[in-house]
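Report on the following structure.
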Amino acid sequence: MKHLTLAAGLMLGATSALAETPVLTVYAPDYFGSEWGPGPAIETAFEAECACDLQFVTGDLMPRIMLEGSRIKADAVIGLNTDVTKQARETGLFAPHGQDTRALTMPIEWTDEIFMPFNWGYSGFVYDNTKITNPPTSFDALVNSDEDWKIVIQDPRSSFSGLALLLWVKSVYGDDAQAAWEKLAPKILTVTAGWSEAYGMFTDGEADMVFSYTTSPAYHIMAEEDLTKSAAIFEEGHYMTAELIGKIASTDQPELTDQFMSFILTDAFQTIIPEGNWSYPAKLDFEKLPETFQTLPTPPKALLYSEEEAAALRDPALEEWLSALGR
Amino acid sequence: MAVRTGTLSVWAGAASAALVLALTLGTLGAVAWRADGFGALGPRDWGYVWFTVWQAAASAAISVALAIPVARALARRQFRGRSALITVLGAPFILPTIVAILGLLAVFGRTGIVSDILSWAGLEPVSIYGIHGILLAHVFFNLPFATRLILQGWLSIPAERFRLAASLGFSAIDVARVLERPMLRDVVPGVFLVIFLICTTSFAVALALGGGPQATTVELAIYQAFRFDFNLSKAALLGLVQVMICVVAGALVFKVRLPSTSGVGLDRVVRRWEADGLVLRLQDALCIGLAALFLLGPLSMIVIEGIGGVFRLPGSILEAAWNSIWVTAVSTILCMVFALSMALAVSRLSSGAGALVEGIGFLTIAASPLVMGTGLFVMIFPFADPTSLSLPITAVVNAAMALPFALRALVPAVRDLQAGYGKLSVSLGLSGFAWLRWVAVPRLRRALGFGAGLAAALSMGDLGVIALFSNPELETLPLALFRLMGAYRLDQAASAALLLVTLSLLAFWICDRGGRVNVDV
């Protein structure tokens with residue numbers, strides 16, 4: 001009985017201590033919650049300066065935002081993808097981010113006042129450079145190649161990277177996209193529902209190439225000291241994706257949320273990104289990047305559709321993809 | 001007195017069935033309500049429905065057809081390592097899909113062992129990608145499960161029957177006609193239905209091994225409707241289509257099934273005099289050998305991939321394993337409470353009402369986890385924070401998901417029990433807990449243990465409804481595995497997968513073993 005009273009007392013104490021610390025609730029994609037994702041490091045770094053409790057709530061972002069609607073419990077949402085922000089914007093739940101985005105270190109200019117990028121990357125095909133010694137140097141070269149390369153890609157209906165590939169092909173080939181897919185089809189070993197299955201098939205040697213990011217080799221170099229993975233760089237330019245953060249207008253912690261928004265663009269946050277996310281930080285000077293990231297080859301041009309274009313092109317492009325591959 | 005026990009168990013069974021209905025049709029209704037009704041299906045969607053049904057029917061038919069000779073061989077042979085083999089054969093069923101895909105590819109893939117052997121022999125390597133790849137994967141998952149359930153049917157034929165058959169000079173063909181076929185006619189339709197339904201909800205495996213978008217199932221369309229289009233009305237409609245597939249398939253199967261009770265015996269070890277001939281011995285050895293080779297190949301590759309790092313797994317993975325263990329314990333107990341009460345109700349209700357309760361028990365396999373998760377979210381969100389309830393919800397959903405499998409094990413056993421001991425119990429005035437203690441539990445031990453084992457193994461491996469309910473503070477092992485994969489750490493993921501499979505098998509073994517203690521009373 002005594003123990004019970006003691007335990008109850010401790011719990012009460014803990015609750016009242018917590019009640020004094022303001023809580024910042026941020027919805028994030030699942031990878032944030034992982035010990036290997038950027039979440040824990042960001043939490044430690046921000047809590048060191050905010051005297052608050054930063055809590056990430058992880059899961060599928062868009063369904064959750066749409067389901068909760070105006071009763072959303074988040075103060076901010078981090079990790080939205082550039083290709084699907086149209087629906088998020090149309091909810092009207094988001095307030096302007098209020099940060100100066102003129103000095104971002106991204107290959108494109110950023111003028112969106114609602115959503116602010118915190119990381120970005122180029123899509124790309126990753127291959128084993130001990131097996132493929134003559135990698136394609138353009139999308140055309142890949143599509144028309146006589147080599148019997150087998151590629152794994154992701155399904156644009158279930159995966160964001162699959163959607164990025166769909167838009168990349170569309171931005172390179174326009175009206176000829178379906179013809180390009182038909183020529184690529186014999187090289188496509190299979191299509192997976194998510195990125196992990198595809199990448200696993202590549203590292204297990206089942207596929208010669210996998211659709212991923214140009215920064216993927218950095219993981220193998222830095223974490224495994226494995227130099228055999230490279231990304232093929234294409235002349236036409238690479239489709240890029242950025243991950244975004246948005247501030248919820250109805251937040252009950254507006255100052256704290258603003259503090260978090262400006263923390264996003266500081267070096268303390270941005271230096272976590274390369275190894276937390278294996279992508280490029282949105283605002284970090286080149287010389288502050290890890291050495292491996294500085295040496296990664298980069299494409300000559302970044303391709304990115306606006307959210308309206310991406311939303312308008314998605315269904316017709318998907319029809320072309322299904323017609324070309326669904327035989 | 002007996003009447004009271006009967007009424008009570010019928011009420012308990014009805015309550016369990018109501019909970020299952022709330023989790024399946026209730027969540028579907030909640031999604032439809034949130035979406036203001038059901039959407040419409042396009043021509044592509046109907047193509048997906050057709051593909052889903054026929055690949056599932058083919059997968060289930062092949063799995064069951066192959067399982068019958070394997071189960072018969074296991075039922076009539078005793079050999080060293082037999083029970084270990086039976087336990088290990090349960091592994092494919094509980095593998096996380098990504099792990100299973102990579103394991104299968106290591107054997108049957110472009111650079112897998114089979115292709116290596118073929119090219120060494122100067123032959124063209126085979127391609128796994130296509131409808132045959134999907135069937136191969138689904139048979140890999142479900143053949144062992146079908147074998148286990150059908151074997152259970154064989155073991156339910158009392159040893160005394162085989163003794164009598166032997167003394168009457170029955171040949172193997174006579175035994176098959178008189179004893180085995182009626183049992184199969186009773187057991188096989190239910191097994192077929194369960195496997196058919198599992199295969200209708202497959203999507204990652206079907207897509208990856210099917211080689212592309214021609215292998216699209218309804219579940220993938222639901223996933224797209226949720227994650228990309230956020231079209232809840234379409235998701236709800238597709239979810240309803242899945243339930244309708246379940247209802248139609250269930251109705252057909254119940255029509256074909258011929259319930260039989262093989263009577264009761266003293267649970268002695270079975271000796272099969274009629275199957276002593278050399279030809280039959282060779283035939284059984286071949287069946288067991290081929291099945292073991294087919295199933296153990298990819299499993300061995302998974303062990304080889306994972307074994308190196310399994311003792312160097314970080315602490316967080318062990319913590320996740322611990323979370324999984326107790327979620328599994330809770331959901332297994334819940335599942336057995338649901339299953340036993342429903343099985344008792346099925347045996348005591350009229351055949352129509354009993355079939356209804358049993359049919360409801362199948363619904364959770366056909367229900368899309370995404371629809372269920374979203375529906376629960378819609379129902380809970382106005383009243384409580386869904387994230388803080390993530391573990392209890394996971395436990396209940398896992399219990400419901402495992403229920404159809406536990407029911408497969410329990411329903412035939414309870415029916416035999418009622419047929420064999422019902423009248424005696426009534427005449428002795430045994431009812432209530434005394435009846436459970438002295439009659440039901442000892443007689444149902446094997447089925448209870450097997451059912452609990454299935455429930456435990458399934459709960460351990462299930463990702464359940466994490467998409468909307470994941471709690472970063474409380475990570476389960478499948479979730480940790482999924483996150484390792486997403487963070488490029490495929491080696492560690494392989495080791496975590498091995499840990500997961502080992503824990504699942506251990507959970508299965510403990511429960512199943514518990515059910516077989518002192519079995520020769």
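The values are calculated or read from the model by the stated rules, or taken from the named source; none is laboratory data. Fair warning: this is a prediction, and the values are worked out from it, not measured in the lab. Don't worry about glycine lacking a Cβ; one is built from the backbone with ideal geometry, like all the others, and counts go over all protein chains shown.
Figures for the structure shown
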quantity: Search result, residues across the range A:276-309 that are part of a loop (DSSP other than H, G, I, E, B) and basic (Lys, Arg); calculated: A:283, A:301
quantity: Within the range B:450-521, helices (runs of 4 or more DSSP H) holding 2 or more residues that are at pLDDT below 85 and among the small types (Gly, Ala, Ser); calculated: B:490-516
quantity: Residue that is farthest from the chain's Cα centre (by Cα), among those in the range A:162-190 that are of a type in the set (Val, Ile, Thr) and away from chain B (no Cβ under 12 Å); calculated: A:172
quantity: Selection status of residue A:64, outside any strand (DSSP E or B) and within 12 Å of chain B (Cβ to nearest Cβ); calculated: yes
quantity: Flag for residue A:193 being closer than 25 Å to residue B:102 by Cα, within 23 Å of the chain's Cα centre (by Cα), within 13 Å of chain B (Cβ to nearest Cβ) and aliphatic (A, V, I, L, M); calculated: yes
quantity: Single condition residue A:159 does not satisfy, out of (1) touching an Asp or Glu at 6+ places or on another chain (Cβ under 8 Å); (2) without any contact (Cβ under 8 Å) to a residue 40 or more places away in the chain; (3) crowded, with 21+ Cβ neighbours inside 10 Å; calculated: (1)
quantity: Residue list for the range A:127-141, restricted to those being hydrophobic (A, V, I, L, M, F, W, C) and either under 17 Å from the mean Cα position of the chain (by Cα) or surrounded by fewer than 17 Cβ atoms within 10 Å (Cβ to Cβ) (or both); calculated: A:132, A:141
quantity: Residue in the range B:384-399 that is closer than 17 Å to residue B:336 by Cβ, in contact with a Gly (Cβ under 8 Å, 6 or more places away or on another chain) and away from every other protein chain (no Cβ under 14 Å) present; calculated: yes
quantity: Residue among A:156, A:135 that alone is touching a strand residue (DSSP E or B) at 6+ places or on another chain (Cβ under 7 Å) and outside any strand (DSSP E or B); calculated: A:135
quantity: Filter result for the condition that a residue is of a type in the set (A, V, I, L, M, F, W, C) and assigned by TED's automatic domain parsing to the domain that holds residue A:63, over A:185, A:249; calculated: A:249
quantity: The lone exception for residue B:118 - which of (1) within 14 Å of another protein chain (Cβ to nearest Cβ); (2) surrounded by fewer than 21 Cβ atoms within 10 Å (Cβ to Cβ) it fails; calculated: (1)
quantity: Residues (within 14 Å of chain B (Cβ to nearest Cβ) and under 18 Å from residue A:300 (Cα atoms)) located in the range A:217-230; calculated: none
quantity: From the options B:242, B:224, residue that is of a type in the set (S, T, N, Q), free of Cβ contacts under 8 Å to residues at least 40 places away in the same chain and either outside any loop (DSSP other than H, G, I, E, B) or buried (at least 24 other Cβ atoms within 10 Å of the Cβ) (or both); calculated: B:224
quantity: Residue A:177 assigned by TED's automatic domain parsing to the domain that holds residue A:313, surrounded by 22 or more Cβ atoms within 10 Å (Cβ to Cβ), in contact with a Ser or Thr (Cβ under 7 Å, 6 or more places away or on another chain) and not aromatic (Phe, Trp, Tyr); calculated: no
quantity: Residue A:212 crowded, with 20+ Cβ neighbours inside 10 Å, assigned to a strand (DSSP E or B), within 24 Å of the chain's Cα centre (by Cα) and within 10 Å of another protein chain (Cβ to nearest Cβ); calculated: yes
quantity: Boolean, residue B:72 is assigned to a helix (DSSP H, G or I), basic (Lys, Arg) and within 20 Å of residue B:187 (Cα to Cα); calculated: yes
quantity: Within the range B:75-115, tally of residues that are part of a loop (DSSP other than H, G, I, E, B), within 14 Å of chain A (Cβ to nearest Cβ) and either more than 19 Å from the chain's Cα centre (by Cα) or of a type in the set (Ser, Thr, Tyr) (or both); calculated: 4
quantity: Complete set of residues in the range B:280-320 that are within 14 Å of chain A (Cβ to nearest Cβ) and farther than 21 Å from residue A:201 by Cα; calculated: B:313, B:314, B:315, B:316, B:317, B:318, B:319, B:320
quantity: The one condition in (1) within 27 Å of residue B:231 (Cβ to Cβ); (2) at the interface with chain B (Cβ under 7 Å from one of its Cβ atoms); (3) not β-branched (Val, Ile, Thr) that residue A:159 fails to fulfil; calculated: (2)
quantity: Set A:53, A:75, A:100: member being more than 14 Å from chain B (Cβ to nearest Cβ), more than 25 Å from residue B:233 (Cβ to Cβ) and either crowded, with 21+ Cβ neighbours inside 10 Å or in contact with an Asp or Glu (Cβ under 9 Å, 6 or more places away or on another chain) (or both); calculated: A:75
quantity: Meets criteria (surrounded by 20 or more Cβ atoms within 10 Å (Cβ to Cβ) and either away from chain B (no Cβ under 14 Å) or modelled with pLDDT of 95 or more (or both)) for residue A:200; calculated: no
quantity: Residue within the range A:206-221 that is assigned by TED's automatic domain parsing to the domain that holds residue A:162 and touching an Asp or Glu at 6+ places or on another chain (Cβ under 8 Å) present; calculated: yes
quantity: Odd one out for residue B:66 among (1) crowded, with 17+ Cβ neighbours inside 10 Å; (2) farther than 25 Å from residue A:152 by Cα; (3) out of contact with any helix residue (DSSP H, G or I) (no Cβ under 6 Å at 6 or more places or on another chain); calculated: (3)
quantity: Checklist (1) touching a residue at least 40 places away in the same chain (Cβ under 8 Å); (2) more than 28 Å from residue A:284 (Cβ to Cβ); (3) not in a loop (DSSP other than H, G, I, E, B) applied to residue A:73, failing item; calculated: (3)
quantity: Verdict on residue A:84 being in a helix (DSSP H, G or I), in contact (Cβ under 8 Å) with a residue 12 or more places away in the chain, under 30 Å from residue B:375 (Cα atoms) and among the aliphatic types (A, V, I, L, M); calculated: yes
quantity: The range B:206-220, subset facing chain A (nearest Cβ under 8 Å) and part of a helix (DSSP H, G or I), residue surrounded by the fewest Cβ atoms within 10 Å (Cβ to Cβ); calculated: B:214
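One line per residue, one yes/no per condition, for (1) buried (at least 22 other Cβ atoms within 10 Å of the Cβ); (2) touching a strand residue (DSSP E or B) at 6+ places or on another chain (Cβ under 9 Å); (3) more than 19 Å from residue A:173 (Cβ to Cβ):
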residue	(1), (2), (3)
A:278	yes, yes, yes
A:286	no, no, yes
A:290	no, no, yes
A:295	no, no, yes
A:303	no, yes, no
A:316	no, no, no
A:319	no, no, no
A:323	no, no, no
